Amino acid sequence: MRLMKRAFISLAILVAICLGGYFVYNMAYANGEAVGYETGHSVGHEAGYSLGKEEGYVLGKEDGYVLGKEDGYDEGYVSGEREGYGKGYVSGEADGYRLGKTDGYEDGYDEGIEAGLGHGYTLRDPAYEEAVAFLREDKTDKNEYIEATYVCSHFARDVCNNAEVEGLRCAFIEMRYSDGGHSIIAFNTIDKGLVYFEPQSDMIAKPVIGKRWYQCKEPPPGYYYAEPVYDDTIMDILVIW
């Protein structure tokens, strides 16, 4: 009995020791885990922060570059467009002014010539045959003579105007008599000099001061001009260009 009691006590002590060690182990484990967590967390935080910061920096730089480039481009485009518009406007205005001034001068010059001369044609002296051909095509001689309404001066005026349309320089000729006068036309031809024509018939004439007008005309063969009842002696010849 005494031996069994000792064995029981020994066993109880052993169990107590094991339980105590178990509790101590658990307590120590918990304390070590807490301390290890804090230490590991601190070290891991620093390591993770460093690694995360490095990777985040790279990613942030890339994203920031793209976004910054887009924003910067937009802002730069607006500013550049505004500044470029101002410079372009000044440059364009200067170029446009020079070109407009040149074109405007040419247009204004042509208009001024037309207003100053009464027409916009560049007139030239024709050759004799060219003048004859023009009169042959011109229909003024077909107009009807109407006393006090459409007379010799109107015939001469219309032929001169029609010649200018064709670019030919034509003179309005006024002959003065002692008691009246008569109007004809003339071309200063480049091959035969000043040649006179009667615009009512397109016939050639050679007016001479002191000579009667009816005697200065050159009628076609078989035709002659009768002596008028009035004195048509030429007292003066005015050549008006």
Exercise. Go through 190, 173, 184 for me and flag whichever is in contact with a Ser or Thr (Cβ under 9 Å, 6 or more places away or on another chain) and of a type in the set (Val, Ile, Thr).
Key: 173
Quiz item: Yes or no: residue 153 under 16 Å from residue 236 (Cβ atoms), among the polar types (S, T, N, Q) and part of a helix (DSSP H, G or I)?
Solution: yes
Quiz item: What do you reckon, is residue 195 in contact (Cβ under 8 Å) with a residue 12 or more places away in the chain, in the same structural domain as residue 133 (by TED's automatic domain parsing), closer than 27 Å to residue 124 by Cβ and not small (Gly, Ala, Ser)?
Solution: yes
Practice problem: Just one of (1) in a helix (DSSP H, G or I); (2) at positive phi trips up residue 148, so point out which. | Solution: (1)
Quiz item: So which of 130, 164 is surrounded by 11 or more Cβ atoms within 10 Å (Cβ to Cβ), touching a His at 6+ places or on another chain (Cβ under 8 Å) and either free of Cβ contacts under 8 Å to residues at least 24 places away in the same chain or not in a strand (DSSP E or B) (or both)?
Solution: 164
Exercise. Report, by residue number, each residue of region 189-236 that is part of a loop (DSSP other than H, G, I, E, B), in contact with a Phe, Trp or Tyr (Cβ under 7 Å, 6 or more places away or on another chain), at pLDDT below 95 and of a type outside the set (D, E, K, R).
Key: 219, 225, 228
Exercise. Kindly indicate whether any position in region 208-230 is surrounded by 15 or more Cβ atoms within 10 Å (Cβ to Cβ) and either within 18 Å of residue 137 (Cα to Cα) or outside the structural domain of residue 137 (by TED's automatic domain parsing) (or both).
Key: no
Practice problem: Check 176, 157 and return the single one that is assigned by TED's automatic domain parsing to the domain that holds residue 206, surrounded by 13 or more Cβ atoms within 10 Å (Cβ to Cβ) and under 44 Å from the mean Cα position of the chain (by Cα). | Solution: 157
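The values are calculated or read from the model by the stated rules, or taken from the named source; none is laboratory data. Everything numeric in this text was worked out from a predicted model, so none of it was measured. Heads up, the Cβs are rebuilt from the backbone with ideal geometry, glycines too, and the neighbour counts pull from every protein chain shown.
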